[in-house]
1. Going 7 Å from the Cα of Ala245 in the Cα-to-Cβ direction, what parts of segment 100-126 have a backbone nitrogen less than 17 Å from that spot?
2. Quick check: at a probe of 1.4 Å, how many percent of the accessible area of the chain sits on carbon and sulfur atoms?
3. Roughly speaking, what is the stretch gain from Glu285 to Arg128, that is 0.36 nm per residue apart minus the C-alpha to C-alpha distance, in nm to one decimal?
4. Would you be so kind as to identify all helices of the chain, as entire DSSP H runs, whose Cα atoms reach 18 Å or more along the helix's own axis and whose mean Kyte-Doolittle hydropathy is at least 0.5?
5. Dipole size in debye (nearest 20) for segment 124-293 around its Cα centre, Lys and Arg Cβ +1, Asp and Glu Cβ -1?
6. Where does the charge balance sit around Ile156 when Lys and Arg score +1, Asp and Glu -1, over other residues with C-beta under 12 Å from its C-beta?
7. Say R0 is 22 Å: what FRET efficiency, to the nearest 0.05, do Glu264 and Ala232 get from their beta-carbon distance?
8. If I model a spin label as a point 7 Å beyond the Cα along the Cα-Cβ vector, how far apart are those points for Arg35 and Ser151 in nm?
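The values are calculated or read from the model by the stated rules, or taken from the named source; none is laboratory data. Every value quoted in this text rests on a predicted model; they were computed, and no experiment measured them. Cβ coordinates were reconstructed from backbone atoms using ideal geometry, including for glycine residues, and neighbour counts include every protein chain displayed. Side chains included, ligands, DNA and RNA excluded: accessible areas come from the protein's heavy atoms. Shrake-Rupley method; radii C 1.70, N 1.55, O 1.52, S 1.80 Å.
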Amino acid sequence: MLVVAENQIAGLMTPEAAFDAIEAVFAAMARRKARNFPVIREALGYQDALYGFKGGFDADAPTLGLKAGGYWPHNQDRGLINHQSTVFLFDPDTGRVSAAVGGNLLTALRTAAASAVSIKYLAPAGARVLGMIGAGHQSAFQMRAAARAHSFERVIGWNPHPEMLRRLADTAAELGLPFQAVDLPTLGAEADVIISITSSFGPLLLDEHVKGPTHIAAMGTDTRGKQELDPALVARARLFTDEIAQSVSIGEYQHAIAQGLIAEEAIGELGAVVAGADPGRNGAEVTIFDGTGVGLQDLAVAAAVVELAKAKGVAQEVEI
Ligand code: NAD
């Protein structure tokens, strides 16, 4: 098997390659050529950690495998990032393990690529202002990928812990964009595209905050109980997700579904928009992409990085 270590990923993978891999795998999912397997995600009752597996099979690629890992909230105190994961790829013809790939940076890149794909296809025409809700580890990746997918003139941001806002200011400066910290009503009124990427367990962005044509990439909710958006906002928007089964169980739409405000049939797949089978925005004032994070995203970026490592001759071969 080939090993691509975590510390090799930054020198191999590019945000552009991540974007292309995610756009392609979303389209393969919509064509029913690729499917995710049910997610296992368990609270360990140890270190407050959440641990699990996300796997799938893409017959088009073909790619088979899983990502194992999760969220360790106290890692920050140890100088480690809170998300820890490894992707394992298997040969679909033989079942033999073919690669182990560090999954930490890839997770951030594939998550940012997913919201960037949604922005490419769903941002309102002439969108100029990017609104960021959240200033944790993922937020910088999200802003960078959004700025690659669409040309924004400025960034505004809000975070429940204001002391973290420096990360957004620094990232905007790196991108050459002016940044301003604002309150949520201002963010909802002024932003044309909003990315939410927090660990919130209650609604942050309310229906009355959001004015005018807006696209929202809701990226933080990936577990039962988490929530970033007002269900009333979800109820009036045109809805998209990476995978419907995940969005109604562990994603942002779980709350509007539970309250009977939306039906599962109202939710479209972003992949269908990419594949040209869904018109996308189609005159809607507000669109939402619920990015729950699917295993196929992890496999797609891991497979891409293995090819890049092979091409550069830096993948390490190990007998197993
Ligand atoms: P982080 O720990 O670095 O940052 C956490 C962010 O959430 C900060 O903005 C913080 O201020 C905010 N926050 C923390 N506790 C909160 C609370 N109780 N209420 C409201 N906000 C709170 O985390 P990160 O790595 O930036 O990840 C952010 C979120 O994105 C996490 O919930 C994570 O599970 C999720 N995530 C989703 C995907 C996906 O594919 N959808 C992938 C990776 C991470």
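1. Under 17 Å, as judged by backbone N against the label point of Ala245, lies no residue of segment 100-126.
2. Summing carbon and sulfur atoms, their accessible area is 53 percent of the total for the chain.
3. 54.9 nm
4. 15-30, 104-122, 295-312
5. 360 debye
6. Result for the local shell: -2.
7. 0.75
8. Label-label distance for Arg35 and Ser151, simple model: 4.3 nm.
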